[in-house]
Amino acid sequence: MNSIVSSARGSPKHRTTSWRVRLALVLLTVVAVSTVYFTNRLLTDRFTETTRNRAELRLALYSGNLLSELRQNAIVPQLLARDPTLIGALNSADYQQSTQRLISFVEEIGAANLILLDVEGRAVAATDRNRLGSNHSLEPYYKEALADTGTVFTVAPREGGGFAFTYSRKVMSGGDVLGVIAVEVDLQKFERAWAGISAAVFVTDSAGQIVLATEPRWRGRIEEDALERQTPQSAIERAIRATADWTALPADADLQGEGVMRLDSRMAFRGWSIASFTTYASVRERVNGVLALEIMGFALLLALAFYALSRRSALRLALSTRESAELRRLNVQLQREIAERKRVQEDLAVAEQTLEQSSKLAALGEMSAAVSHELNQPLAAMKTYLAGAGLLLRRNRPDEALVSFGRIDDLIERMGAITRQLKSYARKGQDVFSPVNMGDALASSLSMMEPQLRQRRVQINRVLPQDAVEVMGDRLRIEQVMVNLLRNAIDATKSTRDPQVDIFLSAGETATLTVRDNGPGIVDLDALFEPFYTTKQPGDGVGLGLAISSGIVNDLGGRLTARNGQSGGAVFEMQLPILSEDASEDETVKKINAAE
């Protein structure tokens, strides 16, 4: 009985070991908390200073770009005011070649617009032909140029919002004033370039009025009024969202009072100044990343401590169970082989019985599955629009409901076109192709996917060239391929925590559309484009989307390829022959002949 009591209470050596383990765990916890606390303070200060230095460098770069653009255009009026051709045109009132002369200058100078005004303020030549004949006698740049002997710079509000920046100078000959030459400077391009960064930027004139800003609501106001109308946090969020996921947040989302860093700098131009607001989000993310590594390291140390304590008992348990586990493994393997052989025999018998019927129903099944697959997306969109229209009608908003019904009508027409296209598969080669703008087709496809994007909140990143990319083909079929690729990419990211789809459109020898997701990737690349091959759950797909898409691209003279990305996910590339200038001219001639 005494031995049993002693065993229940534990030996003194066991109690000493337990006390030491508890003390070691307490010390490890104290060291971990202290390390995380001081690391947080140190890295926060260091990364904040780094962020400030980067913001100052970025502000200096923006200021230098603005000054360079302004100074580059400041000398233009002085040079054009001495141009013999323009002076001769004003003297003779013959302006047939003046507009072409200005167009040749603007291509070399890079200005937004050049306008030649006669002495009465009438536009007699302009790079924008829509402004020919308009009267500018009341404009500040005209009146101030006549009153000044040199080049004047004016800032005037635009009718559509924003400001117009103009250099102007009067044109003289023999002491007589013949007119005024005006050069408009395109500073709005800097606003577009500033969008999408983690900072809000604005430029003020000598009176403190905001003339350039990443937030359109700030223009024309002083800083205090602008910040009351739109907070820096919301402005930064709107700028970032302009080039990121446009479906993630409502239009006027806020960052919920997060602090921002304000920096300003004076520009060496007419008392102008530039200021920026930068978030601390990058600082917090970098600090949290380091802290996560430290916490992970301490967690690993704690796990190793528990592993060392349990290692002795685990080794004994492993030795006692190794033999029985090996026997169980062999038994399971034998049963699996027997079951597999039996299943193969049963499948062979069933296949022999159904081979004749399967061959007869293959064509009908493929066509039915194709119709179901291609009409599934429009039907899903129609269901969403009908639900929205019903809600709008209950809220007594019939005008907005009519917009939804109009979209439903467009979807019905698209479904009819799809069924006509499926019926025409047996007589390929009879379709009449026309130039297709790949950017417009991509925008239409994204609009088609809008209900699914709103439901899933997938981040869509688009990189498009500045110039239009055109191919010769059938826009409906091209959009059909794009919708299939986008839908597969979105479905592939269902198990991803932060789903993301990147879309790249480029033009070279071919027009290439690349769709990349961050899903698990492609398991079987060889069978990917075969009919009825799918990795989706039953009811989610029939495995015809990529097979149909590959056939459409081949019919258009291109090719559709797939691969796994280096950093994970699947990458699909659609390459189509780019529309040449000769083909475009032939198409234009055909349209003119048809009109005649």
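Report yes if some residue within region 410-425 is at pLDDT 75 or above, surrounded by 15 or more Cβ atoms within 10 Å (Cβ to Cβ) and not in a helix (DSSP H, G or I); otherwise report no.
No, region 410-425 contains no residue that is at pLDDT 75 or above, surrounded by 15 or more Cβ atoms within 10 Å (Cβ to Cβ) and not in a helix (DSSP H, G or I).
Table: residues versus (1) farther than 26 Å from residue 28 by Cβ; (2) among the basic types (Lys, Arg); (3) at pLDDT 80 or above.
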site	(1), (2), (3)
265	yes, no, yes
268	yes, no, yes
274	yes, no, yes
285	yes, no, no
291	no, no, no
294	no, no, no
300	no, no, yes
307	no, no, no
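Find the helices (runs of 4 or more DSSP H) located wholly in region 49-163 whose residues include 3 or more that are without any contact (Cβ under 8 Å) to a residue 40 or more places away in the chain, surrounded by 14 or more Cβ atoms within 10 Å (Cβ to Cβ) and under 40 Å from the mean Cα position of the chain (by Cα), and list them.
98-109
Residues that are among the aromatic types (Phe, Trp, Tyr), in contact with a Lys or Arg (Cβ under 8 Å, 6 or more places away or on another chain) and open to solvent by less than 30 Å² (accessible area, probe 1.4 Å): does region 208-220 have at least one?
Yes, because at least one residue in region 208-220 is among the aromatic types (Phe, Trp, Tyr), in contact with a Lys or Arg (Cβ under 8 Å, 6 or more places away or on another chain) and open to solvent by less than 30 Å² (accessible area, probe 1.4 Å).
Using the structure shown, decide if residue 258 is more than 38 Å from the chain's Cα centre (by Cα) and either within 30 Å of residue 61 (Cα to Cα) or at pLDDT 70 or above (or both).
Against the criterion (more than 38 Å from the chain's Cα centre (by Cα) and either within 30 Å of residue 61 (Cα to Cα) or at pLDDT 70 or above (or both)), residue 258 does not qualify.
With more than 24 Å from residue 269 (Cβ to Cβ), among the aromatic types (Phe, Trp, Tyr) and in contact with a strand residue (DSSP E or B) (Cβ under 8 Å, 6 or more places away or on another chain) as the only criterion, which of 142, 95 stands out?
Being more than 24 Å from residue 269 (Cβ to Cβ), among the aromatic types (Phe, Trp, Tyr) and in contact with a strand residue (DSSP E or B) (Cβ under 8 Å, 6 or more places away or on another chain) holds for just one of 142, 95, which is 95.
Say whether the condition of being part of a helix (DSSP H, G or I), at pLDDT below 90, open to solvent by less than 70 Å² (accessible area, probe 1.4 Å) and aliphatic (A, V, I, L, M) is met by at least one residue in region 531-547. Walk me through it before giving the result.
Quick first cut of region 531-547, residues part of a helix (DSSP H, G or I) only: 545-547.
Next, from what is left, pick out any that are at pLDDT below 90: 545-547.
Narrowing further to those that are open to solvent by less than 70 Å² (accessible area, probe 1.4 Å): 545-547.
Next, only the ones that are aliphatic (A, V, I, L, M) stay: 546-547.
Yes - at least one qualifying residue is present in region 531-547.
Do we find that residue 167 is open to solvent by less than 40 Å² (accessible area, probe 1.4 Å) and part of a helix (DSSP H, G or I) in this structure?
Numbers: open to solvent by less than 40 Å² (accessible area, probe 1.4 Å): yes; part of a helix (DSSP H, G or I): no.
Criteria not met by residue 167.
Can you name every residue in region 177-219 that is in a loop (DSSP other than H, G, I, E, B) and more than 30 Å from the chain's Cα centre (by Cα)?
Hits for region 177-219 are 205, 206, 207, 208, 209.
Under 6 Å between Cβ atoms, at least 6 apart or on separate chains: pull out the pairs that start in region 191-219 with a residue that is over 17 Å from residue 64 (Cα atoms) and end on any residue that is in a strand (DSSP E or B) and of a type in the set (Phe, Trp, Tyr).
Short answer, once both residue conditions are applied: 200/277; 210/202; 218/202.
Yes or no: residue 166 β-branched (Val, Ile, Thr), more than 23 Å from residue 67 (Cβ to Cβ) and in contact (Cβ under 8 Å) with a residue 12 or more places away in the chain?
No: the conditions fail for residue 166.
Working only within region 32-48, note down all residues that are without any contact (Cβ under 8 Å) to a residue 40 or more places away in the chain and open to solvent by less than 80 Å² (accessible area, probe 1.4 Å).
Result: 34, single match.
Within 40 Å of the chain's Cα centre (by Cα), modelled with pLDDT of 85 or more and not charged (D, E, K, R) - does that describe any residue in region 27-38?
No, there is no match, as no residue in region 27-38 is within 40 Å of the chain's Cα centre (by Cα), modelled with pLDDT of 85 or more and not charged (D, E, K, R).
Anything in region 170-183 that is surrounded by fewer than 21 Cβ atoms within 10 Å (Cβ to Cβ) and of a type outside the set (A, V, I, L, M, F, W, C)? List them, or say none.
Those that are surrounded by fewer than 21 Cβ atoms within 10 Å (Cβ to Cβ) and of a type outside the set (A, V, I, L, M, F, W, C): 173, 174, 175, 176.
Table: residues versus (1) over 30 Å from residue 446 (Cβ atoms); (2) surrounded by fewer than 10 Cβ atoms within 10 Å (Cβ to Cβ); (3) at pLDDT 75 or above.
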{"site": "328", "(1), (2), (3)": "yes, no, yes"}
{"site": "347", "(1), (2), (3)": "yes, no, yes"}
{"site": "364", "(1), (2), (3)": "yes, yes, no"}
{"site": "368", "(1), (2), (3)": "no, no, no"}
{"site": "375", "(1), (2), (3)": "no, no, no"}
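The values are calculated or read from the model by the stated rules, or taken from the named source; none is laboratory data. As the structure is a computational prediction, the values presented were derived from the model and not from experiment. We place every Cβ from the backbone using ideal geometry, glycine too, and count neighbours over all the protein chains shown. All accessible areas refer to the heavy atoms of the entire protein, side chains included, with ligands and DNA or RNA removed. Shrake-Rupley method; radii C 1.70, N 1.55, O 1.52, S 1.80 Å.
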